[in-house]
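K.L.:
Take a look at this one; I'll ask things after.
Laboratory data are not the source of any read-out in this text; all were calculated from the coordinates shown. This is a predicted model, so every value here is computed, not measured. So basically every Cβ, Gly included, is an ideal-geometry build from the backbone, and we count neighbours across all protein chains shown.
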Amino acid sequence: MKKRQTQARVPRCKKCGAPAVIYMRQHRLALCETHFQEWFVNYTQRTIEKYHMFGPEDRVLVAVSGGKDSLALWDVLTQLGYRADGLYIGLGIDEGTQYSQRSLEAVRGFMAERPGLRLYVVDMKEAYGETIPELARRVRRGRGKPCSVCGLSKRHIMNELALREGFDVLVTGHNLDDEAAVLFQNTLRWQTGYLARQSPVLEATHPGLVRKAKPFCRFYEREVAAYAIVRGIEYQYDECPFSVGATTIYYKELLNQLERHSPGSKFQFYTQFLKAKKKGLITFHEPEGEVVLRPCRICGQPTTAGEICAFCRMWVRPDMDLEEAKRSVPSLTFRVETSESEEG
Ligand SMILES: [Zn+2]
Ligand SMILES: [Zn+2]
């Protein structure tokens, strides 16, 4: 019998030698469950510092959807000691699927095991009188797919709530797969304006805008999923039913094919882009004269769309005067839920 027969090589944790649960080719790093959790939390902190996202004194608002990325992010920021509250927007995507309902339940389940968390809940139907599917059916922008109306509404609500409640930064759970897919899409079309703005942190360039950051932008999606699993986070597994066939999903599949042939390529594609931009090796400019931001006459949020921003316009008819228009746009309402503190 040969000596070194068939025993499959189990990767060993680089820190302690125990069997590894994950091997990250782009870092040449295998880790056991314990050391992977530790590494994941520390690497998030390094990303926050590397891109100057926020500091220990800042109030952080985490956009939580109930999916793995946003819940894992909230979990990590809490472990790191940041003052991080959650924001959940109830989109009302429930027809036949209960998608939004199940998402909120995932967020509440997460909070129930973590005392002392605060969650802002904005319900589209309660605040604005219409769910996202209803809004999309009514306004021209929503024809076909509600994703455009949904993205617009979420951006508007997140920004307004963050500013109104005095948060210093809004964070989202976008991971490297998300960022690489957007970068790929924008590069294929040489969308220079988008390429100029794609960044792990977006400064508040205008008093009506909140700073935005993506602390998970250097994690592969599978790493975030692994973290959520080892932490026992019960997240909403399903994607939004409207996202089926979305262009970004197609680009993600292409990049995954590339990754299989050439491991680490997603990581290189994204991080080398950021590095080259930072060093000034590649520069992109916004199209001249087109990026004048003015406050919306109704809500005050900066807009490039003229007098009234695209969000407010969903409630305004062209024949309305300004006073009538102001009365027609519903104002943001929300409630706050807290998970019981340990003493309680
Ligand atoms: Zn270990
Ligand atoms: Zn507006």
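K.L.:
Where Rh is the Kirkwood radius over the Cα pairs of the stretch 123-238, the temperature 20 °C and the viscosity 1.002 mPa s, what D in µm²/s does Stokes-Einstein return?
P.N.:
Result for D is 129 µm²/s.
K.L.:
Using modelled amide H (1.01 Å from N, peptide plane; none on Pro or chain starts), what sits under 5 Å from the amide H of ARG211, excluding residues fewer than 5 places away?
P.N.:
It is LEU170, ALA204, by chain and number.
K.L.:
On to the next question. Could you give the angle, 0 to 90 degrees to the nearest 10, between helix 265-278's Cα long axis and the longest principal axis of the Cα atoms of the chain?
P.N.:
Around 60 degrees separate the two axes.
K.L.:
When the chain is modelled as a GNM with alpha-carbon springs shorter than 10 Å, which of ASP321, ASP177, ASP168 fluctuates the most?
P.N.:
Looking only at ASP321, ASP177, ASP168, the largest GNM fluctuation is found for ASP321.
K.L.:
Output the pairs from LYS214/LYS278; LYS154/LYS277; LYS14/LYS50; LYS214/LYS266; LYS50/LYS278 with a Cα-Cα distance over 19 Å in this structure; if there are none, say none.
P.N.:
In this structure, LYS154/LYS277; LYS14/LYS50 exceed 19 Å between Cα atoms.
K.L.:
Name the chymotrypsin sites (Phe, Trp or Tyr not before Pro) in the stretch 220-280 that are in a loop by DSSP and that have at most 12 other C-beta atoms within 10 Å, would you?
P.N.:
Passing sites in the stretch 220-280 are TYR237.
K.L.:
Which of SER148, SER262, SER153 comes first, and how do the rest follow, when ranked by fewest Cβ neighbours within 10 Å?
P.N.:
Arranged by neighbour count, lowest to highest, SER148, SER262, SER153 become SER262, SER148, SER153.
K.L.:
Enumerate the amide H contacts of VAL62 below 5 Å, restricted to partners 5 or more residues apart or on another chain; note that Pro and chain-start residues carry no placed amide H.
P.N.:
HN-HN under 5 Å from VAL62: ASP85, GLY86, LEU87, VAL171.
K.L.:
In whole Hz and in residue order, list the ³J(HN,Hα) couplings for the stretch 50-58 that follow from phi through the Karplus curve 6.51 cos²θ - 1.76 cosθ + 1.60, θ = phi - 60°; x for Gly and Pro.
P.N.:
4, 9, 6, 6, 6, x, x, 8, 6
K.L.:
Starting at the first residue of the stretch 68-83, write each ³J(HN,Hα) from the Karplus equation 6.51 cos²θ - 1.76 cosθ + 1.60 with θ = phi - 60°, in whole Hz, x for Gly and Pro.
P.N.:
Once θ is set to phi - 60°, the couplings for the stretch 68-83 become 5, 5, 6, 5, 4, 5, 4, 4, 5, 5, 5, 4, 6, x, 6, 7 Hz.
K.L.:
If contacts are Cα pairs under 8 angstrom and at least 6 residues apart, what is the relative contact order of the chain in percent?
P.N.:
About 21 percent, as a whole number.
K.L.:
Let me ask something else. Roughly what angle does helix 99-112 make with the longest principal axis of the chain, taking Cα atoms, 0 to 90 degrees, to the nearest 10?
P.N.:
Between the helix axis and the principal axis of the chain, the angle is about 60 degrees.
K.L.:
Next question. If you keep only loop residues by DSSP, which chymotrypsin sites (Phe, Trp or Tyr not before Pro) in the stretch 104-190 have at most 15 other Cβ atoms within 10 Å of their Cβ?
P.N.:
TRP190
K.L.:
Sort SER331, SER65 by Cβ crowding within 10 Å, fewest neighbours at the top.
P.N.:
So the residues, fewest neighbours to most, are SER331, SER65.
K.L.:
Hey, another quick one. Which whole-Hz ³J(HN,Hα) couplings does the stretch 25-37 yield from phi under the Karplus relation 6.51 cos²θ - 1.76 cosθ + 1.60, θ = phi - 60°, glycine and proline marked x?
P.N.:
Karplus-based 3J(HN,Hα) across the stretch 25-37 equals 4, 5, 10, 6, 9, 10, 9, 7, 4, 5, 6, 5, 4 Hz.
K.L.:
Further question: Would you kindly compute the Cα radius of gyration of the chain and its largest Cα-Cα separation (Dmax), both in Å?
P.N.:
Values for the chain (Cα only, Rg and Dmax): 21.8, 90 Å.
K.L.:
If you fit an axis through the alpha-carbon atoms of helix 247-261 and take the longest principal axis of the Cα set of the chain, what angle between them do you get, 0 to 90°, nearest 10?
P.N.:
20
K.L.:
Among bridges DSSP assigns within the chain, what percent are antiparallel (round to 5)?
P.N.:
The antiparallel proportion sits near 45 percent.
K.L.:
Using Cα centres only, tell me the gap between the stretch 37-110 and the stretch 309-333 in whole Å.
P.N.:
32
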